[in-house]
Structure formats: structure tokens, C-alpha cells
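Report on one structure; see the data block that follows.
The values are calculated or read from the model by the stated rules, or taken from the named source; none is laboratory data. Note that this is a predicted model, so its numbers are computed, not measured. Cβ atoms come from the backbone with ideal geometry, glycine included; neighbour counts cover every protein chain shown. Side chains included, ligands, DNA and RNA excluded: accessible areas come from the protein's heavy atoms. Shrake-Rupley method; radii C 1.70, N 1.55, O 1.52, S 1.80 Å.
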Amino acid sequence: DARNISTSIVRDGDDYVINGRKWWITGSADERCQVFIVMGKTDPDGPPHRQQSMILVPRDTPGLEIVRHLPVFGYQDQHGHSELRFTDVRVPARNMLAGEGDGFMIAQARLGPGRIHHCMRAIGMAERALALMVRRTQERVAFGRPLAEQGTVREQIALSRIEVDQARLLVLKTADLIDRYGAKGARTEIAAIKVAAPKVCLDVIDRAIQVHGGAGVSDDTPLAEFWAHARTLRIVDGPDAVHIRSVAKEELARERPYAG
């Protein structure tokens, strides 16, 4: 809910002054990230979706402090996620993106394509997990025969293939709609795939972990790290509950023949 943003961006002559605290800011742990796009409120009393603005803040601006880096389930990736503090951070007014009040519009424009990119990566992780599961079942022997010959294990492999391909087709449909009608014309499908792809990914990874046993939850395979990233996807760019609400809203508003 963009209305919950509380960081302030206040005009002062030819500058803007920024005060606030943010956390889980992706990419800021990488020293190559030299410019931050900061979203805050320029008009706290304006219409709900015109209160926010985005402005560019160089990393070395006085008053900008990287307080700490935040691991995800114990994993700290290269680009990372961090907590930032802004104390009287002053930047030129020309650093404002678009205009005052355009922050929510900019965010929505990138969130649609951004969400589908998350889903593409989730499918990639699921494919890798499935490949690792298949290889493990062919190499691991239990009760006198390879796991791949066990009926329950074969069922897990088959379900994984079916679910991954279902998610992939929904992603392809969504991408095609974005190409033809833009993110706004594909908003239902974007919301749907943002729920479906991480869930499928988690289910496949979980089956692969189960087949690997202790190796699946260790650093001997990438499965534990995959699970951490996939679980996080159910939160980033809007939690599942928000997307489910959006799909239901669109479905309830859809005109359809009387079904009685």
C-alpha cells in the first residue's frame, strides 16, 4: 500500500530534502549501485495516489546511511537487501523523476513487467530443482532399487513436470498480453501468475529437497537457497493476498451470461 510510505521529500529552494528510514532495499549491498531511486511523500495531504514522488539520490550524498544488510533466511546474495536511513539528505530539484506526485504511476508502470520477470526466474529455479530431483532419483538406491523405480517418487516427478509447464504457459500468455495491450491490459494475468509461479516453484523445490534428504537442506546443493528465494517471492512486489484480491475483483466484475 503506497499510502503507507512515510519518508518525506520536501522542496527547499532549488533542492529537495529527504528524511526517513527504509528497509529491504534491494541492490544496495552492491558497491556498484551508485544511485538510488527513492520514493517518498511530497504531498502528504494530496489524493492517495498523488502523494508520492520518486527522486534520484547518489550513494555518497551526505545524510544517506546504509545501516545494515539484511540476509534472507540466512543467505546474503551479492546485491543484497539493506536498511537505509535518510537524515536531511539534500539533492537538486532536477533529480525528481517525471514530476511531483508521479511516484505511484512510475511504480505501477514497472511493477507489471517486474512481476513477470520474477515469475520467469521462479520457473527457471523450478526447472533446475526438477533436474536435480531426477538425477538424484536415478543415482540414489533405497530398499534395494533406485528411487526412480519407486511409484511415489515417480508421481512427484510427474506432478512437478505438469505444474511447471502449466505455470510456464500462463507466463507466456501474460507476456503476450503485455506485448499487445500493456501491463494494464494484463493486470489480472500478472496478478495470477505472481501467485501461481512462486507456489509451483516452492512445491517442486520441496519435493526435490525431500528426495535429497539431508543434502537438500544443506549447502551441498542449491535447493535450500532456491527455497529461500522462492519463499521470498510470495512477499516481494505485493504479497499473495493482494494479488488474489485483485484477481477476485476482476472476476466478480466480469460480464458473463446468466449461469442459473
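Can you tell me which residue among Arg128, Arg135, Arg154, Arg85 is open to solvent by 30 Å² or more (accessible area, probe 1.4 Å), at pLDDT 95 or above, closer than 30 Å to Ile9 by Cα and of a type in the set (Lys, Arg)? Before you say what the answer is, go through the steps one by one.
Details: Arg128 fails: closer than 30 Å to Ile9 by Cα; Arg135 fails: closer than 30 Å to Ile9 by Cα; Arg154 fails: closer than 30 Å to Ile9 by Cα.
The conditions single out Arg85.
From the list Gly101, Gly80, the lone residue that is in contact with a His (Cβ under 7 Å, 6 or more places away or on another chain) and surrounded by 17 or more Cβ atoms within 10 Å (Cβ to Cβ) is Gly80. All of Ser8, Ser53 fail the test of being in contact with a helix residue (DSSP H, G or I) (Cβ under 6 Å, 6 or more places away or on another chain), hydroxyl-bearing (Ser, Thr, Tyr) and in contact (Cβ under 8 Å) with a residue 12 or more places away in the chain, apart from Ser53. Mind checking which residues of the stretch 163-209 are more than 17 Å from the chain's Cα centre (by Cα), of a type in the set (A, V, I, L, M, F, W, C), farther than 27 Å from Ala142 by Cβ and open to solvent by less than 30 Å² (accessible area, probe 1.4 Å)? Of everything in the stretch 163-209, those that are more than 17 Å from the chain's Cα centre (by Cα), of a type in the set (A, V, I, L, M, F, W, C), farther than 27 Å from Ala142 by Cβ and open to solvent by less than 30 Å² (accessible area, probe 1.4 Å) turn out to be Leu177, Ala186.
Report, by residue number, each residue of the stretch 210-238 that is among the hydrophobic types (A, V, I, L, M, F, W, C) and either open to solvent by 70 Å² or more (accessible area, probe 1.4 Å) or out of contact with any Gly (no Cβ under 8 Å at 6 or more places or on another chain) (or both). Answer for the stretch 210-238, where residues must be among the hydrophobic types (A, V, I, L, M, F, W, C) and either open to solvent by 70 Å² or more (accessible area, probe 1.4 Å) or out of contact with any Gly (no Cβ under 8 Å at 6 or more places or on another chain) (or both): Val211, Ala215, Val217, Phe226, Trp227, Ala230, Leu233, Ile235, Val236.
Annotation: Asp60 fulfils all but one of (1) open to solvent by 50 Å² or more (accessible area, probe 1.4 Å); (2) outside the structural domain of Asp179 (by the TED database); (3) closer than 20 Å to Ser6 by Cβ; the unmet one is (3). Out of Glu65, Glu31, one residue alone is without any contact (Cβ under 8 Å) to a residue 24 or more places away in the chain and open to solvent by less than 90 Å² (accessible area, probe 1.4 Å). It is Glu65. Across the stretch 11-25, the qualifying residues are those that are loosely packed, with under 14 Cβ neighbours inside 10 Å and part of a strand (DSSP E or B), and the one among them that is modelled with the lowest pLDDT is Trp23. Within the stretch 110-124, not a single residue is assigned by the TED database to the domain that holds Arg180, hydrophobic (A, V, I, L, M, F, W, C) and either on the phi > 0 side of the Ramachandran plot or over 26 Å from the mean Cα position of the chain (by Cα) (or both).
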